[in-house]
Amino acid sequence: MASNLRVDQILPSTSTNVAIGTATGSVTLVGSVSGTSITNSGTTTVAAGSTSAPSISPSGDSNTGIFFPSADTIAFAEGGAEALRIDSSGNAGIGSAIPTQKLDVNGTIRSYSGTNAGTFKDNQLRSDSSGTFYFDHGTVGQSFQFRTSTSSSLDTTGPSITSAGNIAFASGKGIDFSATANSSGTMTSELLADYEEGTFTPTDGSGAGLTFGANTKGHYVRMGNVVHVFVRVVYPSTANGSNAVVSGLPFAGFNPSGADVSNGSVPSGFGYISGGSVIPQIHMSGGSADTNFYSFGTPRTNANFSGLELRFGITYRTS
């Protein structure tokens with residue numbers, strides 16, 4: 001008996017099922033098979049199909065279904081157009097026949113809760129018709145925003161990022177301005193990697209053991225490696241005539257190559273004494289967080305701020 005059996009038509013005489021094949025055999029069907037259910041205990045092999053004629057499709061909708069465009073690749077067609085593809089690398093493309101990432105989307109991404117398409121959940125990604133992506137907090141466009149562009153460069157027609165909250169960077173990271181025009185000098189960095197502001201408590205660094213008054217305060221703002229300091233110091237009436245030194249600044253001054261600059265001082269400036277006639281001259285040694293004061297004159301002398309209030313502000317570079 002031949003190993004193959006060709007059957008043109010099988011019609012059961014009763015309502016019982018018809019079984020074709022054995023546990024080790026197979027049946028190849030050419031044409032269509034219809035029925036309320038088809039059960040197969042083995043594997044089913046279908047043709048590769050195409051976008052317009054997928055190999056697995058529902059009755060009455062022959063251009064919608066699943067097809068297999070190449071080895072190890074699955075695709076889904078809707079209305080004769082490819083809607084989704086999963087390639088041999090496991091990358092999924094929606095509206096993209098050549099996905100290069102785990103998920104590539106060519107079109108609009110939108111997420112919402114409930115039945116109202118205008119109600120968005122917190123921190124969900126959305127894109128509007130202009131190609132702008134949002135992480136929304138209830139109202140479109142009030143949160144984190146990415147702008148896209150059809151060119152190879154970023155969209156420069158408006159702000160690229162807007163946020164209703166904070167944007168945090170890892171330590172040592174920040175905002176890179178390397179795309180901007182450079183000065184005629186020698187550039188060392190275009191990365192804004194630090195910003196902070198706060199308060200500190202100025203202390204006596206003269207060695208005299210002074211305790212400053214209750215109104216002594218210090219404020220600072222740091223941008224990158226530039227520090228702005230604003231200080232108010234109230235000296236006790238028992239202050240001696242030694243050189244005044246205010247310590248406790250939030251950052252030490254920059255000390256390039258282990259050597260001080262500007263004759264032992266990083267910044268130099270003048271302060272204000274409330275209730276006194278002394279004009280304080282300010283110096284700050286590189287590598288330290290101390291400011292030294294002298295009364296301005298010729299020759300300069302050590303400042304005695306006994307019972308006086310000293311106010312000053314300096315800008316200096318830190319490491």
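Some observations on this one:
- Sorted by Cβ density within 10 Å, fewest first, the residues Tyr272, Tyr294, Tyr316: Tyr272, Tyr294, Tyr316
- The protection proxy used here, the mean number of other Cβ atoms lying within 10 Å of each residue, ranks peptides 82-91, 172-181, 44-53 as follows, highest first: 82-91, 44-53, 172-181.
Read the figures in this text as sums done on the coordinates, not as results from a lab. Not measured: the values here are computed from a predicted model. When we count neighbours, we look across all protein chains shown, and the Cβ atoms used for this are built from the backbone with ideal geometry, even at glycine.
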